[in-house]
Amino acid sequence: MEFNYGFVLEKTGKKIKQVLQKQFSVKGIDITIDQWVILHELYVHGKQNQVHLCERVYKDAPTVTRIIELLEKKSLVVRKASKEDRRKFDITLSTSGKALVKKLLPYVVAFRKSGWQGLNEQDIRHLQRITQKIEQNLVL
């Protein structure tokens, strides 16, 4: 019987999102995991246009645009027309967005540690190396 590695990776990724989403909900945090990914990306790397943001979070333009619109309605991001290219928008975290990321970051770090429990440093390095190699092998 052949082991379906792709399915296991997908299943694990979905489980990670589901469990973290449940933790957000229990804590009364009104954002989705996809919204968290955008907020965290902006927190770590600062102002970005929507095209660059799509590339960084591996999501298509319509999805990122919809997420940005929702985050903007929640006053978590600010969207301004780019000075370099009028067709693009620069996206930054608002003060509220930065505060939310700072509040959630310890929960997310603790969540990841619990998921990685029982894995040693070598296991984690192997997992990182293997998943990065798979990603590099998959050319669009």
Loop GluC sites (Glu not before Pro), segment 57-140 (other Cβ atoms within 10 Å of the site Cβ: 15 or fewer; DSSP) = 84
Can you give the convex hull volume of the alpha carbon atoms of segment 1-93 per residue, in Å³?
-> 112 Å³
Between residue 124 and residue 105, how many nm apart are label points set 7 Å from Cα along the C-beta direction?
-> 1.7 nm
Degrees between helix 95-115 axis and first principal axis of the chain (Cα, 0 to 90, nearest 10) | 0 degrees
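Quick one: order 30, 123 from most to least accessible surface, probe 1.4 Å.
On the way: 30 115, 123 60 Å².
Sorted descending by solvent-accessible area, the residues read 30, 123.
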What is the Cα centroid distance between segment 68-140 and segment 18-41, reported in whole angstrom?
-> 11 Å
Using a 1.4 Å probe on heavy atoms of the protein chains only, the accessible area for residue 47 in Å², nearest 10, reads 130 Å²
Rounded to the nearest 10 degrees, what's the angle between the helix 33-45 long axis and the longest principal axis of the chain, both from Cα atoms, 0 to 90?
-> 70 degrees
Calculated FRET value between residue 116 and residue 30, using beta carbons and R₀ = 30 Å, to 0.05 = 0.65
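Any chance you could run the full-extension gain for residue 132 through residue 43? It's 0.36 nm times the residue separation minus the Cα-Cα distance, nm to one decimal. Before the final figure, lay out each step's value.
Details: separation 89, 0.36 × 89 = 32.04 nm, distance 2.30 nm.
Between residue 132 and residue 43, full extension yields 29.7 nm more.
The values are calculated or read from the model by the stated rules, or taken from the named source; none is laboratory data. Since the structure is predicted, the reported quantities are computational estimates derived from the model, not experimental observations. No Cβ is skipped: glycine too gets one built from the backbone with ideal geometry, and neighbour counts run over all protein chains shown. Areas reflect the complete protein model, heavy atoms only, side chains present, ligands, DNA and RNA absent. Shrake-Rupley method; radii C 1.70, N 1.55, O 1.52, S 1.80 Å.
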